[in-house]
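Below: one structure in structure tokens.
The values are calculated or read from the model by the stated rules, or taken from the named source; none is laboratory data. Since the model is a prediction, treat every value here as computed from it, not as a measurement. Virtual Cβ from ideal backbone geometry, glycine too; neighbours counted across all protein chains shown. With ligands, DNA and RNA removed, areas are computed over all heavy atoms of the protein, side chains included. Shrake-Rupley method; radii C 1.70, N 1.55, O 1.52, S 1.80 Å.
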Amino acid sequence: MITTLATELNLNTTQSQWLQDTQNNIDLRLIPFQVSYFLDQNLWSREAKNFAQEAIGVLIDGGEVDFEDRVF
């Protein structure tokens, strides 16, 4: 799943590695599932992909993201 997300969202190496590393952190482990669910609910639209990619950047910087309301 993480490889698919990285490819579909056109993530850079840093973003891809961070997403992979979430699996080693109990507090972040669900993020790839949340992103995938969000994309599924939005039919993997370009807009949804752009939001997800930006959201990953926000999360990397320690911010919070509400995927349901599309708020950083």
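Please specify each residue of the range 5-32 satisfying the condition of being farther than 14 Å from Ala52 by Cβ and acidic (Asp, Glu).
Asp21, Asp27
Hey, can you tell me all the residues within the range 31-64 that are among the charged types (D, E, K, R) and either at positive phi or open to solvent by less than 40 Å² (accessible area, probe 1.4 Å) (or both)?
First, pick out the residues of the range 31-64 that are among the charged types (D, E, K, R): 40, 46-47, 49, 54, 61, 64.
Result: Lys49, single match.
Condition first: of a type in the set (S, T, N, Q) and assigned to a loop (DSSP other than H, G, I, E, B). Now tell me which residues in the range 31-72 satisfy that. Let's see the steps before the verdict.
Just the residues of the range 31-72 that are of a type in the set (S, T, N, Q), to begin with: 34, 36, 41-42, 45, 50, 53.
If the condition is that a residue be of a type in the set (S, T, N, Q) and assigned to a loop (DSSP other than H, G, I, E, B), then Asn42, Ser45 are the ones that fit.
Could you check, for the range 10-30, whether at least one of its residues is open to solvent by less than 30 Å² (accessible area, probe 1.4 Å), in contact (Cβ under 8 Å) with a residue 40 or more places away in the chain and not in a helix (DSSP H, G or I)?
For the range 10-30, residues open to solvent by less than 30 Å² (accessible area, probe 1.4 Å), in contact (Cβ under 8 Å) with a residue 40 or more places away in the chain and not in a helix (DSSP H, G or I): present.
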